[in-house]
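Each remark here refers to the structure printed beneath this line.
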Amino acid sequence: MAEFNEEILQILIEGITLKELLHPNFVTKIKEEFEEETVDPIKINFIVETKNDIPRSITLLHKNSKQKLDKKLVIDVDNSEDLPKILKAIKEVK
């Protein structure tokens, strides 16, 4: 059996949606283009690359429409050291 690593790699934060993290002009333009339809982001992936190192990812997502409505955002990282960095960026926008 693999050894369990106790690093936190995923958390749920309340009070924000992905839509709120996107640039307002982009959100407005999408709304205009789709007119009568509702279009909401549910997942954003980032790749973090460092020279001579394996790329790692950061994913922001709503697992279902209820999480989106309740403003609950999942933050999933490959490296626990990336979690405080992405949290700080989100809190500054929020």
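The values are calculated or read from the model by the stated rules, or taken from the named source; none is laboratory data. These figures come from a predicted structure and were not determined experimentally. Cβ coordinates were reconstructed from backbone atoms using ideal geometry, including for glycine residues, and neighbour counts include every protein chain displayed. What goes into the accessible areas is simple: the full protein's heavy atoms, side chains included, and nothing from ligands, DNA or RNA. Shrake-Rupley method; radii C 1.70, N 1.55, O 1.52, S 1.80 Å.
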Meets criteria (open to solvent by less than 100 Å² (accessible area, probe 1.4 Å) and free of Cβ contacts under 8 Å to residues at least 60 places away in the same chain) for LYS19: yes
Mind telling me which of the residues SER57, SER65 ends up being among the hydroxyl-bearing types (Ser, Thr, Tyr) and under 13 Å from the mean Cα position of the chain (by Cα)? SER57
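Given the criteria of a type in the set (S, T, N, Q), open to solvent by 100 Å² or more (accessible area, probe 1.4 Å) and at pLDDT 90 or above, does ASN25 qualify? First the steps, then the outcome.
Values: of a type in the set (S, T, N, Q): yes; open to solvent by 100 Å² or more (accessible area, probe 1.4 Å): yes; at pLDDT 90 or above: yes.
Judged against the criteria, ASN25 is a match.
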Just to be sure, is THR17 hydroxyl-bearing (Ser, Thr, Tyr) and touching a helix residue (DSSP H, G or I) at 6+ places or on another chain (Cβ under 7 Å)? yes
Checked ILE86, ILE90 against criteria (at negative phi, open to solvent by less than 40 Å² (accessible area, probe 1.4 Å), touching a helix residue (DSSP H, G or I) at 6+ places or on another chain (Cβ under 9 Å) and in a helix (DSSP H, G or I)); the one match is ILE90
So for the range 57-66 (the condition being among the hydroxyl-bearing types (Ser, Thr, Tyr) and modelled with pLDDT of 95 or more), does at least one residue qualify? yes
Pairs under 7 Å by beta carbon, first residue more than 13 Å from ASP40 (Cβ to Cβ) and without any contact (Cβ under 8 Å) to a residue 60 or more places away in the chain in the range 63-78, partner among the hydrophobic types (A, V, I, L, M, F, W, C) and open to solvent by less than 60 Å² (accessible area, probe 1.4 Å), six or more apart or different chains? LYS63/VAL74
